[in-house]
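Reading through the structure tokens given below for one structure.
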Amino acid sequence: MKLKYDRGSVVCTAPSNIALVKYWGKKDIQIPLNPSISFTLDTCYTKTKADFELGDTQTQIEFYFHGESKPSFIPKLEVFIERVKDLYPWLGSLAKLTLHSENSFPHSSGIASSASGFGAMAMCFEKFNSEVLGEEIDLDRASNAARLGSGSACRSVFGGFNLWGELTEDLGDQSLSSQLTDIHPNFDDIKDAICIASSGEKSVGSSAGHSLMNNHVFGEQRINQAKDNCRELLSCLRSGDVWKAGELIEEEAMTLHALMMTSRPSYMLIRPNTVAMIEVIRQFREDEKTPVFFTLDAGPNPHVIYFNESRTLVEQKLLPKLKGLCENERIIMDQIGKGPKILESSFE
Ligand code: PMV
């Protein structure tokens, strides 16, 4: 392997994403049991600076989060590097990797940072790869790499709406995400106001949750339901049917949490204020006859999903009501975004 450089520094950002049809359950190394659809966020992102040094010595890794050394992250990074070695063979001669990472969203805000974190890291690896080999950047490969860090991270490498997982024989890929095209303008400025019901540590993490799907009583039905919902949502995204899309989005959020509650052992991540907020959102929609919906990640925080046409109404009348039900009145405002950015890079 002929390399143009043996040192380099890359700074990238990658946003988080919110799933509308949920990925829940996996096999092998981060291969999803069902296809999922998400949109990439804008203001909630991770910024990572990666300093690479190639050589013959044993790999040394340093990781800093907001300037503070975090040795507890190193084992995870070692696993990630081992997994992506086939995609980036120069990792076989990685002597030193220093990573400085920071999130634009507050720590313990209840927003999972694994998607943006591994998205940003994969973009740094991809940029370094393209420079040392003198090749074009390949976002498909970066998406595949991000998946090997955290499944949902593969959807953070592209902006807009994404599909990950095989939906039909010629639509969707199990190992990488792809950006959906021909989206109706009604969805151009889709918004996400993240209402923090609780920022505390979750009782059951995503990895444990995914593995409970292996013998789940509704496992097979869930896979079929997710495929149907992906197909139906895709058709709404193309036709511009925000009402039907909203119905599917809420069904998916409720299903995700119902699957948790019916796992063995059963567990529950929603809180009383999550339920109260859902009721307020549904009542508001009925009273105002305006398309505003919620989704939930693997946590207690409702994401309010709305569109430009109802923006003023939602932001002036609904969000203030929800604020009172949030922890420390915290709502994080976000919207659909364009995906990762390479901010700086240098090589020698
Ligand atoms: O990428 P993971 O392993 O953290 O799984 C994320 C799963 C959900 O956030 C609950 C759903 C999704 O599709 O993002």
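R0 = 56 Å: FRET efficiency of GLU136 with ASP287, Cβ-based, nearest 0.05?
It comes to 0.60.
Provide the solvent-accessible area of LYS202, counting protein heavy atoms only and rolling a 1.4 Å probe, rounded to the nearest 10 Å².
Solvent-accessible area, nearest 10 Å²: 80 Å².
Have a look at ALA245, VAL10, LEU77 and report the one farthest towards the positive end of the charge dipole of the chain, computed about the Cα centre with Cβ charges (Lys/Arg +1, Asp/Glu -1).
LEU77
Looking at region 193-234, which GluC sites (Glu not before Pro) are DSSP coil and have at most 15 other C-beta atoms within 10 Å of their C-beta?
GLU201
What is the P(r) of region 280-348, as percent of Cα-Cα pairs per 10 Å bin from 0?
All Cα pairs, binned at 10 Å, distribute as 16, 44, 21, 10, 7, 2, 0 percent.
So what's the back-of-envelope 222 nm ellipticity for the chain, counting only DSSP H runs of four-plus at -39500 (n - 2.57) apiece and dividing by all residues, rounded to 500?
Here the helix-only value at 222 nm equals -10500 deg cm²/dmol.
Can you tell which of CYS44, GLY205, LEU94 lies farthest toward the positive end of the dipole of the chain, using +1 and -1 charges on the Cβ of basic and acidic side chains (Lys, Arg; Asp, Glu)?
The listed residue farthest towards the positive side: GLY205.
Note down the nm distance, to one decimal, between modelled labels 7 Å out along Cα→Cβ at SER207 and at ALA95.
3.2
Once the piece of chain linking TRP243 and ASP189 is laid out straight, how much longer is it, given 0.36 nm per residue of separation minus the C-alpha distance between them?
Length gained, TRP243 through ASP189: 17.9 nm.
Applying 1/(1 + (r/R0)^6) with R0 = 45 Å to the Cβ-Cβ distance of LYS2 and GLU169, what FRET efficiency is obtained, to the nearest 0.05?
Once rounded, the FRET efficiency stands at 0.70.
Using a cut-off of 14 Å between alpha-carbon atoms, which aspartates and glutamates can reach LYS47, once sequence neighbours fewer than 8 places away in the same chain are excluded?
Filter leaves GLU102, GLU344.
For region 76-132, what is the largest minus smallest coordinate of the Cα atoms on each principal axis, given in angstrom and ordered from greatest to least?
For region 76-132, the Cα spread along each principal axis is 37, 22, 18 Å.
Report, by chain and number, residues whose modeled amide H sits under 5 Å from the one on ALA197, excluding near sequence neighbours (fewer than 5 apart, same chain).
Those lying under 5 Å, H to H, from ALA197 are ASN301, GLU327.
Looking at PRO106, ASN229, GLY119, which one has the Cα that reaches farthest to the positive end of the dipole of the chain (charges on Cβ: Lys, Arg +1; Asp, Glu -1)?
Final value for the positive-end residue is PRO106.
For region 22-123, what is Rg from Cα atoms divided by 2.2 N^0.38 Å, rounded to two decimals?
Rg over 2.2 N^0.38 Å, computed on Cα atoms: 1.19.
Could you identify which residue out of SER16, SER72, SER263 has the top mean-square fluctuation in a GNM of the chain using Cα springs shorter than 10 Å?
SER72
Rg (Å, one decimal) plus Dmax (Å, integer) for the alpha carbons of region 185-335?
Final numbers for Rg and Dmax: 15.9, 45 Å.
Say R0 is 35 Å: what FRET efficiency, to the nearest 0.05, do ASN224 and LYS321 get from their beta-carbon distance?
0.45
Taking only Cα atoms and a 10 Å spring cutoff, compute GNM fluctuations for the chain and point out the largest among VAL242, VAL275, VAL304.
Its mean-square fluctuation being the largest, the pick is VAL275.
Stretched out fully, how many nm does the piece from GLU251 to LEU313 gain, at 0.36 nm a residue minus the Cα gap?
Result for the pair: 19.9 nm of gain on full extension.
Return the whole-Å distance between the Cα centroid of region 48-97 and the Cα centroid of region 170-243.
For region 48-97 versus region 170-243, the Cα centre distance is 31 Å.
Calculate the spin-label point distance for SER72 paired with SER346, positioning each point 7 Å from the Cα along the beta-carbon direction, and give it in nanometres.
3.4
Obtain the radius of gyration and the Kirkwood radius of the chain from its C-alpha atoms and give Rg over Rh.
0.98
For the cross-link pairs LYS317/LYS341; LYS4/LYS49; LYS49/LYS70; LYS22/LYS191, which exceed 24 Å when the distance is taken from alpha carbon to alpha carbon?
Beyond 24 Å between Cα atoms: LYS317/LYS341.
Work out from phi, with θ = phi - 60° and the Karplus expression 6.51 cos²θ - 1.76 cosθ + 1.60, the ³J(HN,Hα) of each residue of region 334-348, listed in order in whole Hz, and give x for Gly and Pro.
Using θ = phi - 60°, the values come out as 9, 6, 5, x, 9, x, x, 9, 9, 8, 8, 7, 8, 9, 8 Hz.
Please give the net charge around LYS321, taking every other residue with its beta carbon less than 13 angstrom from that of LYS321, where Lys and Arg add +1 and Asp and Glu add -1.
-1
How much net charge surrounds GLY92 when only other residues with a Cβ under 15 Å from its Cβ are counted (Lys, Arg +1; Asp, Glu -1)?
Residues near GLY92 contribute -2 overall.
Before anything else, pin down the relative contact order of region 185-335: Cα pairs under 8 Å, at least 6 apart, normalised by residue count, whole percent.
43
The values are calculated or read from the model by the stated rules, or taken from the named source; none is laboratory data. All values reported here derive from a predicted model rather than from experimental measurement. For neighbour counting, all protein chains shown are included, and Cβ atoms are generated from backbone atoms with ideal geometry for every residue, glycine included. What goes into the accessible areas is simple: the full protein's heavy atoms, side chains included, and nothing from ligands, DNA or RNA. Shrake-Rupley method; radii C 1.70, N 1.55, O 1.52, S 1.80 Å.
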